[in-house]
Amino acid sequence: MGLATPTRSFDCTIENGLAHVVLNQPDRGNPIDGEFCREFGLCIAELSERSDVRSMLLSGRGRLFSVGGDLMSLVSQGDALPTTIKSWTADIHVAIARMVRMRAPVVASVHGNVAGGSVSLMAAADLVVMAESARISAAFSKIGFSPDSGSTTTITRRIGVARARRFFLLGETLDARTALSLGLVDFVVPEGDVQSEAERIAKELASGPTQAFGAIKRLFAETSDRSFESQLEQEAEMLATISRTADAREGVKAFVEKRKPAFVGK
């Protein structure tokens, strides 16, 4: 089963609760351009509201995960470039915000290189599985640009303000082990295992308590914006809400009965 609206820049299929979103312009390095921004926005709008989507796996075909912004397209814009940037970011920024807040956990499978705005796309995932040979590049300052795609938030939430600032100011390239030590990625595996390991994790999440996962995601997304006391109250309110779900009741019942819970995502 695929999306209601067909896409050209990536493929999306949904099977057994898992949405596979696969960047599919390998000859171009899976770039972020106007078409991708528009299509990704529509994709996440749909996936975030589908009750049959219980996790999402983001990956890319070809040698690279993504080169980031399509510089060839940007060069051709001339004086219209600022307007083009606002048009592209209007779509991709909303999409990333919705992906961060959607109930279903998002797993990113990263191989080859990932650069520019695609680093934020990766960092916005809840869990990132990276090939040990992959590299992450902060390309913006190298071409005289500042970051976009939520980079200053998604990456900062993972590695902290000072380290993120250094990453962007110096236009650093990080290897997989360094990215793991910083917390920018969650798992580093051999090149040939990255997709299978990421899919294993995504499938495990797809069989879990989707509503509880969504609550966990929202609580962590909001924690830096609240006082400690406010966050405590939000945890209590969220837990009370989740306790009404079928999965919460099943989880407690299964624990008492000493068996594995059968979660249905509701």
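Answer yes or no as to whether D175 is in the same structural domain as L47 (by TED's automatic domain parsing) and touching a Pro at 6+ places or on another chain (Cβ under 6 Å). Against the criterion (in the same structural domain as L47 (by TED's automatic domain parsing) and touching a Pro at 6+ places or on another chain (Cβ under 6 Å)), D175 does not qualify.
Hey, does the stretch 140-149 have a residue that's buried (at least 23 other Cβ atoms within 10 Å of the Cβ) and in a helix (DSSP H, G or I)? There is no residue in the stretch 140-149 that is buried (at least 23 other Cβ atoms within 10 Å of the Cβ) and in a helix (DSSP H, G or I).
On the stretch given as the stretch 112-153, residues that are in contact with an Asp or Glu (Cβ under 7 Å, 6 or more places away or on another chain), modelled with pLDDT under 95 and under 14 Å from V194 (Cβ atoms) total 0. Residues being surrounded by fewer than 15 Cβ atoms within 10 Å (Cβ to Cβ) and either hydroxyl-bearing (S, T, Y) or not in a loop (DSSP other than H, G, I, E, B) (or both) are entirely absent from the stretch 119-130. Only one entry of L180, L174, L239 meets the criterion of being assigned to a helix (DSSP H, G or I) and within 30 Å of S141 (Cα to Cα), and that entry is L180.
Of all residue pairs spaced 6 or more apart or on separate chains, those with beta-carbon atoms under 9 Å, a first member in the stretch 99-116 that is farther than 13 Å from S55 by Cα and a second member that is acidic (D, E) are S109/E197; S109/E199; H111/E191; G116/D148. A single entry from E191, E204, E172 fulfils the requirement of being touching a Ser or Thr at 6+ places or on another chain (Cβ under 6 Å) and of a type outside the set (V, I, T): E191. Within the stretch 6-30, if we keep just the residues that are touching a Lys or Arg at 6+ places or on another chain (Cβ under 7 Å) and closer than 18 Å to R200 by Cβ, the residue that is surrounded by the fewest Cβ atoms within 10 Å (Cβ to Cβ) turns out to be V22.
The values are calculated or read from the model by the stated rules, or taken from the named source; none is laboratory data. Given the structure is predicted, the values throughout are model-derived calculations rather than measurements. Using ideal geometry, Cβ is built from the backbone for each residue, glycine included, and neighbour counts are taken over all protein chains shown.
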